[in-house]
Amino acid sequence: MTLAAYAESFEQFAAGLPPGQRAARREQLGRFLDAGFPTPRLEAWHYTDLSALGARRFSPVDPGGTAPAVEWLAETDRLLYLNGRLDRAQSTLPELHADDSSAAAADDSVAALNAAFSSGGLHLRLDRNQRLPRPLHVVAFGDTAAASPGMVHQRHRIELAENAEATVVFQFLGRSAGRLTTQVVEVSLAAGAKLTLYRLQNEHDGATLLTRIDTRLGRDSRLHAVTIDGGGGLVRHDFNMLLAEAGAEVELSGLYRPAPDAHIDNQTRIVHAAPHCRSRERFKGIVDAKARAIFVGKVIVQPGAQKTDSEQHVANLLLSRRAEVNAKPELEIYADDVKCAHGATVGQLDDSALEYLRSRGIAGAEARALLLRAFGAAILNRIAIPELRRSLALQLGLADEEEFEDAAAETLA
Amino acid sequence: MLEVKGLHATVDGKEILKGLDLVVRAGEVHAIMGPNGSGKSTLSHVIAGREGYTASAGTVLFDGRDLLELEPEVRACEGIFLGFQYPVEIPGVSNLTLLKAALNARRKHRGLPEIEATDFLAWVRDRARLVKIDPKMLSRGVNEGFSGGEKKRNEILQMLILEPRLMILDETDSGLDIDALKIVADGINTLRSPERATILVTHYQRLLDYVRPDHVHVLAGGRIVRSGGPELALELEQKGYAWLEAA
Amino acid sequence: MATQPQDIQELMRRREYSAGFVTSIESDTIAPGLSEDVIRLISARKQEPEWLLEFRLKAYRRWLKMEQPKWAQVHYPPIDYQAISYYSQPKSHKDGPKSLDEVDPKLLETYKKLGIPLKEQEMLAGVAMDVVFDSVSVATTFKKKLGEAGVIFCPISEAVHEHPDLVRKYLGSVVPFGDNFYAALNSAVFTDGSFVFIPKGVRCPMELSTYFRINERNTGQFERTLIIAEEGAYVSYLEGCTAPQRDENQLHAAVVELVTLDDAQIKYSTVQNWYPGDEEGRGGIYNFVTKRGDCRGRRSKISWTQVETGSAITWKYPSCILRGDDSVGEFYSVALTHHRQQADTGTKMIHVGKNTRSTIVSKGISAGHGQQSYRGLVRVLESAENARNHTQCDSLLIGDRCGAHTFPYTEVRNPSARLEHEATTSKIAEDQLYYCRTRGIAEEEAVSMIVNGFCKDVFKELPMEFAVEAGKLLAVSLEGAVG
């Protein structure tokens, strides 16, 4: 594997760094160059092969692109990143951006690549009992104008002290093909903290997106996360949730509808390390055309994590002969007093439901669309910002004004 | 037959029974009534030997023997039967399997040989008729997929088959419609005899219309606060329990 | 006083292995070590044809280039393949017994102790049996009656001579010689095993059974079983396994190949009770087995049923390749691990043909320090129109030092497929135990009853007499589990 282009890009990138940071970054780069991009020989990368990226050349700085003409969410604060650089003019809380990225030694090569090239990102730190008054919308907009496509590596940090509360929305909007984006989000929740986190992506279907969210949950803290994939070409998400102290709770929901040629790989790992924790995981996928979708969910119950209560479910609709679904819901249990269940299904739209709709005069594409909407709504409805929910439904081709109005009314009731 | 003296009992470290006295003689039917949380179920489980239900003081004698030091299965073999308020489901283990094992455990305890399969089935069929349970249901898992009423009738069926000497029925009447209640009462009355005794733990007097008690006790705050004849149950029915707590 | 929940483990701790005796019998065992010469020696002793020697040597050369698989959730020190003897046979067997009357009485005694009375059994059980002692088959019963029906049931070493065309046609056609590390090793050194052939339209008139026994120290057992059911044929086959109690680990690396043609059905059941090692994990069999069935014909069916209570380490995935349209694959498994036992077991269902269906029911019980993984793959290829799979995978935990893990892979490439996977993990509920005890049933018996109930869906797939055996075996294995 030739990674020469990355080494060269790094020299160009490092020149722009404060001299004090260069050594640490170079170390991370070394880690990446040693390991190379992961190949399917690694069990964690069984279904996703990144080795083709090794021969590619991405520009480390990409000045191209213009701010998108997007209607921003009302009642929301915002950080806007254009190709990884903060657009201060369009950001309402630019002071939450931090350049520094003193990342610890990365444990996998993609994380090392990210750490080497990181251009920083959100650094949200809430004190005890502090509440973020409005949702924070962090938009990463990608648009390459230059001949050689760019790469963006961002690193966000969220630290909530005791009983702090926040809602953060990470959204990727990509307008051009060929780019490589990586994102690492580190979350730490102290006792009783509550975080609602949405990670939404509507990347260009020729772009590569590799993300990772690492969360440590303290005593009685709550994480409610929703991840929605509507776009992207080659997409891989890693979720690492550590329920480190008693009473912590995580609820993770996901919906993916890959573009016709896209590859979307969701890997979740929930570790119950303390007693009395609870995890709920629910993913749904609509996989059509030549798309390939992967869901690997791992729940690990460590020794001593008694009274663990864990449920995991993934449901896939496989709608085309050339599409492919791979699912692997895993349980690794080292404690005895636990309640764990998981389930996975792969199937099609319910024939009897289609039949029923036909008898009510709703047929063909319309009936299918209706059922698809119902299928997706179970996840979309977990997004508590109605405007956002509606725009996502539109992007995913699952919108139905009335139905979502109703759903919204129900959610608010 | 049963002699409870100054019984204090804790559940999860919390003291529920606070000095309870009760004497039940052979041939008697006792009703124990009282508001929710008064300790009725705790008393049943302390007698049956549930784990975590610890007697911290006092004695429980059964035929003059210290009951508290016996394992629950030994208590059962000695002739104590507890009808559960919430009968447990055991998927995959058929009712017949459970009954046969239970019956044979008892026989072994008494030095008797195991029962012949044909005798066993005939006995079960005969008893199932009394409580109007379709014998086919007995091939299903223990209480698996049974309705609430079916579970309660199944408890009575087990009791009829095992023929205990001391029957403790923990709110067996709750949640039953009038027909099911009559079946349950018939079951209890079938076993009523001078050698046996019954403790009915109940919240309502309804069951007592069909199974007439000799003694009625009111349990409140972990102690028996009043004892009397069947008329006490009627009084409770009219006045409720509030007046007791006020007293 | 009422017992504490931890006591469940106390009861589980002591478990007697009743098949742990050693038969002192003079054996002809070749020196430990593996080389082309050793393979030539094995082949020569068995007077094998040239093609079979070639098959062995090709496998051996491939094996040399392979690595021991590491992906399974099992841990053990590296195996020294040069320390194992690859061939051992009872001395008195050298010229081969012609009938049961010539079988060494000590061997007959061994099987009697194991509850397999070879002689009486001809009359009583109505089950034809092949018996493999260390490396060779020592007795096959009911040959005549089977012969009348056209059924061939004999040691594979005999089949090589008597039915060379059949063996040559099918051997390695389901599990190729280089399939995986242990299959390659087996292909190089296999010594004996059973061969079954059910001709077209024949329903085998009785259950067929093979009993495997490892007796010698430092030997491995590498048996090879091949079962072919021609068009419309049916056979039910059961294997049982035991080994003496020894402090060192012994290797068992078998290969089983099943082939069903149109409308044929093979029901393959295993009751595996190899010596599991002691409480501290000393000794025990390493059971590394490749079992695969090929539903070549339309409407054919292969069912695997296994009850795995023995072995220090179990590594096996009885699989079905559902090639024929409308073919059916089934896998029913009960696996019990306690003390330091480890099991990584499951199945693969590869849907190739149209309307193929598969069912997986896996029940895992872990106690003591037992570690157990279910590893399964359901793959639906593009060609497999209307494929269906249902997977149910339940784990029961006894004690807080054991583990239960589930790794179900689902790979679907056809949009008409419907797959469902469900899994649960739970412990024996305290209230279930208490309920049984208030009915007079002692805790130990209650646990055994609940565990048997948990396994019911699998036991009902076993031939009747073995279902009872399996239930008892489980009860024995659970002795000391609670109390």
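The values are calculated or read from the model by the stated rules, or taken from the named source; none is laboratory data. Bear in mind that the values here come from a model prediction, so they are computed numbers and not experimental data. Methodologically, a virtual Cβ is constructed for each residue, glycine included, from the backbone with ideal geometry; neighbour enumeration extends over all protein chains shown. Quick note on the areas: whole protein, heavy atoms, side chains included, nothing else; ligands and nucleic acids left out. Shrake-Rupley method; radii C 1.70, N 1.55, O 1.52, S 1.80 Å.
Criterion applied to C:A446, C:A467 was being more than 7 Å from every other protein chain (Cβ to nearest Cβ), of a type outside the set (S, T, Y) and buried (at least 22 other Cβ atoms within 10 Å of the Cβ), and the one residue passing it is C:A446.
The residue of region A:94-119 that is surrounded by the most Cβ atoms within 10 Å (Cβ to Cβ), among those that are modelled with pLDDT of 85 or more and of a type in the set (G, A, S), is A:A116. If you go through region A:307-317 one residue at a time, do you hit one that is under 30 Å from C:A429 (Cα atoms), modelled with pLDDT under 90 and out of contact with any Cys (no Cβ under 7 Å at 6 or more places or on another chain)? Within region A:307-317, one or more residues are under 30 Å from C:A429 (Cα atoms), modelled with pLDDT under 90 and out of contact with any Cys (no Cβ under 7 Å at 6 or more places or on another chain).
In region A:16-64, what residues are hydroxyl-bearing (S, T, Y), in contact with a strand residue (DSSP E or B) (Cβ under 9 Å, 6 or more places away or on another chain) and outside any loop (DSSP other than H, G, I, E, B)? Passing the criteria: only A:S59. Only one entry of C:N414, C:N452, C:N386 meets the criterion of being of a type in the set (S, T, N, Q) and within 11 Å of chain B (Cβ to nearest Cβ), and that entry is C:N452. All of (1) within 14 Å of chain B (Cβ to nearest Cβ); (2) among the basic types (K, R); (3) surrounded by fewer than 24 Cβ atoms within 10 Å (Cβ to Cβ) hold for C:R379 with one exception: (1).
From the list C:T438, C:T406, C:T424, C:T356, the lone residue that is over 21 Å from the mean Cα position of the chain (by Cα), within 7 Å of another protein chain (Cβ to nearest Cβ), of a type outside the set (A, V, I, L, M, F, W, C) and crowded, with 24+ Cβ neighbours inside 10 Å is C:T438. The set of residues in region A:69-93 being part of a helix (DSSP H, G or I) and open to solvent by less than 60 Å² (accessible area, probe 1.4 Å) consists of A:Q90 alone.
This table checks each residue for (1) of a type in the set (D, E); (2) open to solvent by less than 60 Å² (accessible area, probe 1.4 Å).
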site	(1), (2)
B:A76	no, yes
B:P91	no, no
B:R107	no, no
B:T118	no, no
B:D173	yes, yes
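When you check C:G483 against the structure, is it within 14 Å of chain B (Cβ to nearest Cβ), surrounded by fewer than 21 Cβ atoms within 10 Å (Cβ to Cβ), on the phi > 0 side of the Ramachandran plot and modelled with pLDDT under 90, yes or no? Taking the combined requirement at face value, the residue satisfies it. Evaluating C:Q371 against the criteria (1) over 19 Å from C:L473 (Cβ atoms); (2) modelled with pLDDT of 95 or more leaves one unmet condition, (2). Only one of the numbered conditions (1) under 19 Å from A:D229 (Cβ atoms); (2) open to solvent by 30 Å² or more (accessible area, probe 1.4 Å); (3) charged (D, E, K, R); (4) within 10 Å of another protein chain (Cβ to nearest Cβ) is violated by A:K328, and that is (2). In region A:177-203, which residues are touching a residue at least 60 places away in the same chain (Cβ under 8 Å) and in contact with a Pro (Cβ under 9 Å, 6 or more places away or on another chain)? Scanning region A:177-203 gives A:R179, A:L180, A:T196, A:Y198. Inspection of region C:452-462 identifies no residue that is modelled with pLDDT of 80 or more, within 28 Å of A:L331 (Cβ to Cβ), open to solvent by less than 30 Å² (accessible area, probe 1.4 Å) and polar (S, T, N, Q). Mind checking whether some residue in region A:306-314 is within 13 Å of chain C (Cβ to nearest Cβ), within 20 Å of C:E411 (Cα to Cα), surrounded by 23 or more Cβ atoms within 10 Å (Cβ to Cβ) and among the aliphatic types (A, V, I, L, M)? Yes: region A:306-314 contains one or more residues that are within 13 Å of chain C (Cβ to nearest Cβ), within 20 Å of C:E411 (Cα to Cα), surrounded by 23 or more Cβ atoms within 10 Å (Cβ to Cβ) and among the aliphatic types (A, V, I, L, M).
Going through (1) in a loop (DSSP other than H, G, I, E, B); (2) open to solvent by less than 10 Å² (accessible area, probe 1.4 Å); (3) within 27 Å of B:E15 (Cβ to Cβ) one by one, B:Y204 falls short only on (2).
C:K200 meets all of the listed conditions (1) open to solvent by 10 Å² or more (accessible area, probe 1.4 Å); (2) modelled with pLDDT of 95 or more; (3) not in a loop (DSSP other than H, G, I, E, B) but one, namely (3). Given the criteria modelled with pLDDT under 90 and either at positive phi or outside any helix (DSSP H, G or I) (or both), does C:E465 qualify? Considered against the rule, which asks whether it is modelled with pLDDT under 90 and either at positive phi or outside any helix (DSSP H, G or I) (or both), C:E465 comes out as no.
Close contacts from region A:370-382, counting a first residue that is assigned by TED's automatic domain parsing to the domain that holds A:T196 and a second that is part of a loop (DSSP other than H, G, I, E, B) and of a type in the set (S, T, N, Q), with Cβ to Cβ under 9 Å and a gap of 6+ residues or different chains, come to none at all.
Residues are listed down the side, and each one gets a yes or a no for (1) more than 14 Å from every other protein chain (Cβ to nearest Cβ); (2) open to solvent by less than 30 Å² (accessible area, probe 1.4 Å); (3) at pLDDT below 70:
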{"position": "C:V38", "(1), (2), (3)": "yes, yes, no"}
{"position": "C:I42", "(1), (2), (3)": "yes, yes, no"}
{"position": "C:L52", "(1), (2), (3)": "yes, yes, no"}
{"position": "C:R62", "(1), (2), (3)": "yes, no, no"}
{"position": "C:E102", "(1), (2), (3)": "yes, no, yes"}
{"position": "C:L108", "(1), (2), (3)": "yes, no, yes"}
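If you go through region C:262-314 and keep only what is aliphatic (A, V, I, L, M) and touching a residue at least 40 places away in the same chain (Cβ under 8 Å), you end up with C:A264, C:V271, C:I285, C:V289, C:I302, C:V307, C:A312, C:I313.
Per the listing B:I168, B:I156, B:I199, the residue uniquely buried (at least 17 other Cβ atoms within 10 Å of the Cβ) and farther than 28 Å from B:H8 by Cα is B:I156.
Can you name the residue in region A:280-306 that is in contact with a strand residue (DSSP E or B) (Cβ under 8 Å, 6 or more places away or on another chain) and of a type in the set (K, R) and is also nearest to A:Y256 (Cα to Cα) among such residues? So the residue we want is A:K284.
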